[in-house]
Amino acid sequence: MEGFAGKVAVVTGAGSGIGQALAIELARSGAKVAISDVDTEGLARTEERLKAIGAEVKADRLDVTEREAFLAYADAVNEHFGKVNQIYNNAGIAFSGDVEVTQFKDIERVMDVDFWGVVHGTKAFLPYLIASGDGHVINISSVFGLFSVPGQAAYNSAKFAVRGFTEALRQEMVLAGHPVKVTTVHPGGIKTAIARNAGAAEGLDREKLAEVFDKQLANTSPQRAARVILDAVRKNKARVLVGPDAKVLDVLVRLTGSGYQRLFTPILSRILPH
Ligand SMILES: NC(=O)c1ccc[n+]([C@@H]2O[C@H](COP(=O)([O-])OP(=O)(O)OC[C@H]3O[C@@H](n4cnc5c(N)ncnc54)[C@H](O)[C@@H]3O)[C@@H](O)[C@H]2O)c1
């Protein structure tokens, strides 16, 4: 894949899944890559893969919920490479649990990582992206940023918020005349560790939930997801749907409006463990 030669790209949550695949594809496309994660072992594995490709790489432990650390990290990446062109705000966590039984702290945690992590990354790097003359913000939402499902209120909230934030930003960059493109990414089920790493409200069977996700819902490989995302970045798409499931669900929600809620509930009650 061509097109990113000489560009400096930042990927959060690069120790696993979509983030790791994005970092590898970017490296193959000739980009210099700044990777980070809280999981330093996963991060080291990604770093090794990038070095084997021959890419210039900077790897750091970064928790995307830590605002001051993120601001300092943006300065350090710019200092290291001399510029920054792209940030992929990818780090994320999942959580299952009905509103009735989910604790405030669990909802806050999902918002901290999945929403505030994206806000931190966007704001910390925006001045550098503008200064580069050729910037791009890529924020990872989800199909759960397009419609809601029972048991995912925390995750739905964060992913809808990422979409709102990112769609506003894209228009702002155009209005301000800044040289920064903005893309919101809505993956469907991607075969990653997300469900195995996910939290769940008390009483829910986490193993079973992860099994349902792995066996029935995750159908697209992270490598394929990364290629679809990078293709959309090249084409400066406002929105990218990743996977056939994402495309079908998007159409269904558009056609039915709020009526999708009546359709989904009986289907999900058959798939999800009780
Ligand atoms: N897998 C899917 O089906 C799917 C679908 C839609 C959206 N997404 C989104 O894609 C993104 C990547 O997820 P994935 O599927 O590759 O999952 P994953 O669990 O394989 O990878 C997520 C990475 O983020 C890291 N991370 C978690 N909390 C962090 C924090 N506070 N700071 C820094 N890093 C942190 C993890 O250590 C992990 O390496 C997430 O935003 C997720 O919500 C995934």
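The values are calculated or read from the model by the stated rules, or taken from the named source; none is laboratory data. Only a predicted model underlies this, so the values are computations on that prediction, with no experimental measurement involved. In this analysis, Cβ positions are derived from the backbone assuming ideal geometry, glycine residues included, and neighbour counts consider all displayed protein chains.
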If we scan the range 93-104, do we find a residue that is in contact with a strand residue (DSSP E or B) (Cβ under 9 Å, 6 or more places away or on another chain), of a type outside the set (Gly, Ala, Ser) and farther than 24 Å from residue 145 by Cα? no
The residue that is nearest to residue 21 (Cα to Cα), considering only those in the range 223-274 that are among the β-branched types (Val, Ile, Thr) and in contact with a Phe, Trp or Tyr (Cβ under 9 Å, 6 or more places away or on another chain), is 229
Please list, ordered by first then second residue, the pairs with beta carbon atoms under 9 Å, 6 or more apart or interchain, first in the range 187-205 and part of a strand (DSSP E or B) and within 6 Å of the ligand (Cβ to nearest atom), second modelled with pLDDT under 95 and not acidic (Asp, Glu). 190/218; 190/219
Selection from the range 113-140 of residues that are in a helix (DSSP H, G or I) and touching a helix residue (DSSP H, G or I) at 6+ places or on another chain (Cβ under 7 Å): 114, 115, 118, 119, 120, 121, 122, 124, 125, 128
Of all residues in the range 236-274, how many are in a loop (DSSP other than H, G, I, E, B) and without any contact (Cβ under 8 Å) to a residue 40 or more places away in the chain? 1
Complete set of residues in the range 207-235 that are modelled with pLDDT under 95, assigned to a helix (DSSP H, G or I) and within 14 Å of the ligand (Cβ to nearest atom): 209, 210, 212, 213, 214, 215, 216, 217
Filtering the range 156-184 down to residues that are closer than 28 Å to residue 208 by Cβ and within 12 Å of the chain's Cα centre (by Cα) yields 158, 159, 162
Collect the residues in the range 18-54 that are crowded, with 24+ Cβ neighbours inside 10 Å and either near the ligand (Cβ under 10 Å from one of its atoms) or β-branched (Val, Ile, Thr) (or both), keeping them in residue-number order. 18, 19, 20, 21, 22, 33, 35, 36, 37, 43, 46
Out of everything in the range 141-179 that is among the β-branched types (Val, Ile, Thr) and either in a helix (DSSP H, G or I) or crowded, with 23+ Cβ neighbours inside 10 Å (or both), what residue ends up being nearest to the ligand (Cβ to nearest atom)? 143
Which ones in the range 49-71 are farther than 17 Å from residue 20 by Cβ and part of a helix (DSSP H, G or I)? 67, 68, 69, 70, 71
Residue 57 being surrounded by fewer than 24 Cβ atoms within 10 Å (Cβ to Cβ) and closer than 25 Å to residue 155 by Cβ: no
Residue ID - nearest to residue 32 (Cα to Cα), chosen from residues in the range 74-112 that are of a type in the set (Lys, Arg) and in a helix (DSSP H, G or I): 109
Residue, farthest from the ligand (Cβ to nearest atom), within the range 1-17, restricted to residues that are among the hydrophobic types (A, V, I, L, M, F, W, C), in a loop (DSSP other than H, G, I, E, B) and buried (at least 19 other Cβ atoms within 10 Å of the Cβ): 4
